[in-house]
Amino acid sequence: MNARHTIETRGLGKRYQLGEGGSYQTLREMLASLVRGRRPQSARGPEMIWALRDLDLTIDDGEAVGLIGRNGAGKTTLLKILARITEPTTGVARVRGRVGALLEVGTGFHPELTGRENVFLNGAVLGMSRSDTRRRFDDIVAFAGVERFLDTPLKRYSAGMYLRLAFSVAAHLEPDVVVVDEVLAVGDTEFQQKCLMKMSEFGSEGRTVVFVSHDLGAVARLCPRMVWLDKGQIAADGESQAVVDAYLKSGIGAGAKVDFAPDGAKPAQMLSVLVTDASGRPASALPRTEPFEIALRFSVIERIPGLDVSAYLINSRGVHVFHEGWADHASLGESIGAPGEYEAVLTVPAVLPAGEYTLGVWIGTEVEDLFWEEPLRFRLQPTSHDREEAIRRSRVIQLSSPWRVSPRLHPGE
Amino acid sequence: MSRSAPAASEPAVIEIRPSTGFFPGLGLRELWNYRELGLFFALRDLQLRYKQTFFGVAWTLLQPLAAAAVFAFTLGKLADLPSDGLPYGVFVYSGVIVWTFVATGLEAAARSLVEDRSLVERVYFPRLLAPIAAVLPGLLDLAISFAVLGVFMAVADVAPSEAILLLPLAVLAAVIVAAGAGIWLCALNVQYRDVRHALTFLIQIWFFASPVVISSSIIDGGWRYIYALNPMVGALEFFRWTAVGGPPPGAPALLSGLIGAALVIAAVVYFRRVERRFADVI
């Protein structure tokens, strides 16, 4: 291994069996097959999928690298292998130094324990010794701003306090290599800013950072280098803006409708995602001056309390233009997580400028992501009298409200 | 442990590759390196138990007391079963507290990883730590119950022999049985969904297959050795000998102890072999 490399993978691959568990779900089945002397699924053969395939990647000491790619492209699998949570099927990965994996904030937090108890427990879970945690305890608490609630059980914390405390513990780790997955997906803007600040501190302290996020803008700001994974392989690796451009331009489902294969393991499934014009016709190019609709069709297999659905749009510069959740509006009551098939439609008013947009959709609850993809790209067309310069202007929304300009009849009055 | 200046000491390179071969090693060294986390797991379980149950300490006392009282009345008084020359109350209570320790320990161990699923999916730690740590909190209950046993013995005028010096070894034997069975069941529970349902049933059967409330002296000659294939037999008889001055354990109990040791070794080997799949199947 080259002395400058902190992370090096050679031919790294990870194969999963589709469906839950292994070939046997129950001990009863396993024992029965032992008695019969054959494997129960040998006829069909279990369906295999390569989450990562022949991955050669080197990351140098002190580099900050962003990992992007669609859901199921292998980003999280790669992080999990680097963090030794799961084993590769083929190949080898070498990591120099201690890895701090932040795959979720608050891993190991327990609602019944107090803030203080949770800080020590979570510290231990993340690999801090008790003396390390004690030494940094005051910093952790101050960063989270929860001094007054240290002896309160975590279940009485507000969501914001919980997140701040959780992130604060993680932020005070001192690993050589930090791998971070989607921590920015939670919390309010202020919290996310705080996370980003801390992440860039990690970078400037010379730690090696591998960062996964759906927020392309955030990744680009933190990481000068980006790796785009597609179907478990590297599609592009290089300077961030170039990789983002290539990623956004790639034909990720340019079109008006995408259907999804059911994933038997999930209690809720996305069936299809559709973009239609104001009159309900599917279209991959829409006039910017008319409202359009985003329609999600999904089914709930078993009751999911607190089920939520959301959709967001990313413009060609990687900015999240909006992100609208179902549960943002009113409480939808008990009926929301009941089993059945649903169609959720969101009308987007005509306020977006012409350009390419990527549509992201999500199903989940406060604690779990059940589905998350960015399956569609579509275009908002300029009108025939939009000037070229106005189309290329840097902006996120376009109000289209006219200026009222009138001559002042008595200037200076 | 902390390393803020990577330049000062060259950090170690960790190599991650698919594990091959039949047995990846016991991994005891790494287990030892993570001992603090194990302690935190045990501490958390204790904190939770004393926070969540209304009775707290009282509950850990009442449970075996109530069970012992019922058995002392039905089996000791009504059925008049033999009790190794001990007052039946002392015989039963000493058995019940060890049994309670083993049964709760193995159940907690069996559930440990599945209950900490989010940890298994998101953090690395030697997985063996969880079932082992789950057995430990029961030691506190055992100590409390042991104090009560002392009161019983004083009232019943039973004095322990000098064998009481071996009591720590007897407790260790019980820990080995609990951990052995717990580690096996924990590994199975992660992989197969029906294990948790079988658990209660298994514990019930095991209770009646062990000399908790019925002395093994009712079993004759050669059958004793068959009976002693149950590792609980040795643990219970060893405990009674050291704690309440029961008869010294004989050859069958020794065999039982060896079975217990074999159980825990086999459990660790099996666990280590299958744990590489845990994060993927849990």
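The values are calculated or read from the model by the stated rules, or taken from the named source; none is laboratory data. Predicted, not measured: the structure shown is a model, and the values here were computed from it. Don't worry about glycine lacking a Cβ; one is built from the backbone with ideal geometry, like all the others, and counts go over all protein chains shown. Areas reflect the complete protein model, heavy atoms only, side chains present, ligands, DNA and RNA absent. Shrake-Rupley method; radii C 1.70, N 1.55, O 1.52, S 1.80 Å.
Data table
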{"quantity": "Listed peptides A:102-109, A:75-82, A:279-286 by packing density, highest first (mean Cβ within 10 Å)", "calculated": "A:75-82, A:102-109, A:279-286"}
{"quantity": "Computed over chain B, Kirkwood Rh from alpha-carbon pairs, angstrom", "calculated": "20.4"}
{"quantity": "Debye equation applied to the C-alpha atoms of the range A:283-413, log10 I(q)/I(0) at 0.18, 0.22 Å⁻¹", "calculated": "-1.01, -1.30"}
{"quantity": "Extended-chain gain in nm, criterion 0.36 nm per residue less alpha-carbon gap, A:D259 and A:S272", "calculated": "4.3 nm"}
{"quantity": "Value of Rg to Rh for the range A:69-161 (Rh from inverse mean 1/r over Cα pairs, i.e. Kirkwood)", "calculated": "1.07"}
{"quantity": "Accessible area, probe 1.4 Å, largest first, for residues A:S204, B:S217, B:S83", "calculated": "A:S204, B:S217, B:S83"}
{"quantity": "Average beta carbon contacts from partner chains per residue of A:207-213, 10 Å cutoff", "calculated": "0"}
{"quantity": "Within 10 Å of each Cβ in A:155-161, the average number of Cβ atoms from other chains", "calculated": "0"}
{"quantity": "Using alpha carbons only: equivalent-ellipsoid semi-axes of the range A:334-390, gyration tensor based, whole Å", "calculated": "34, 13, 9"}
{"quantity": "Scattering profile of chain A at q = 0.07 Å⁻¹ [log10 I(q)/I(0), Debye over alpha-carbon scatterers]", "calculated": "-0.41"}
{"quantity": "At least 27 Å along the helix axis (C-alpha) and Kyte average at least 0.0, DSSP helices within chain B", "calculated": "B:88-115, B:167-191, B:251-274"}
{"quantity": "FRET E, pair A:R408, A:V92, Förster distance 56 Å, beta-carbon r, rounded to 0.05", "calculated": "0.15"}
{"quantity": "Estimated inter-spin distance, B:L169 and B:L139, nm [label 7 Å along Cα→Cβ]", "calculated": "1.8"}
{"quantity": "Shape parameters for the range B:84-175, alpha-carbon atoms, Rg then Dmax in Å", "calculated": "17.0, 55"}
{"quantity": "Listed residues A:W403, B:W206, A:W50 arranged by accessible area, highest first, probe 1.4 Å", "calculated": "A:W403, A:W50, B:W206"}
{"quantity": "Where A meets B: accessible area buried, both sides, 1.4 Å probe, Å²", "calculated": "4300"}
{"quantity": "Spatially close lysines, pair count over the protein assembly as shown: Cα under 15 Å, gap of eight or more or interchain", "calculated": "5"}
{"quantity": "At 0.890 mPa s and 25 °C, Stokes D of the protein assembly as shown from Kirkwood alpha-carbon radius, µm² per second", "calculated": "84"}
{"quantity": "Gain upon complete extension [A:M197, A:E239; 0.36 nm per residue less C-alpha separation]", "calculated": "13.0 nm"}
{"quantity": "Ratio of Rg to Rh over the range A:144-213 (Cα coordinates, Kirkwood Rh, two decimals)", "calculated": "1.00"}
{"quantity": "Helix-only mean residue ellipticity at 222 nm for the protein assembly as shown, each DSSP H run of n ≥ 4 adding -39500 (n - 2.57), per residue, nearest 500", "calculated": "-12500 deg cm²/dmol"}
{"quantity": "1.4 Å probe accessible area per residue over the protein assembly as shown, in Å²", "calculated": "48"}
{"quantity": "Rg/Rh for the range A:206-302, where both radii come from Cα atoms and Rh is the Kirkwood radius", "calculated": "1.07"}
{"quantity": "Sorted peptide list for B:247-257, B:233-243, A:386-396, criterion being average Cβ within 10 angstrom, highest first", "calculated": "B:233-243, B:247-257, A:386-396"}
{"quantity": "Debye log10 I(q)/I(0) at q = 0.12 Å⁻¹ for the range B:112-240, Cα point scatterers", "calculated": "-0.62"}
{"quantity": "Estimated Rh, the range B:219-282: Kirkwood, alpha-carbon pairs, angstrom", "calculated": "13.4"}
{"quantity": "Point-to-point label distance, B:W32-A:K231, nm (Cα→Cβ direction, 7 Å offset)", "calculated": "4.9"}
{"quantity": "Average other protein chain Cβ within 10 Å of Cβ, residues B:36-48", "calculated": "5"}
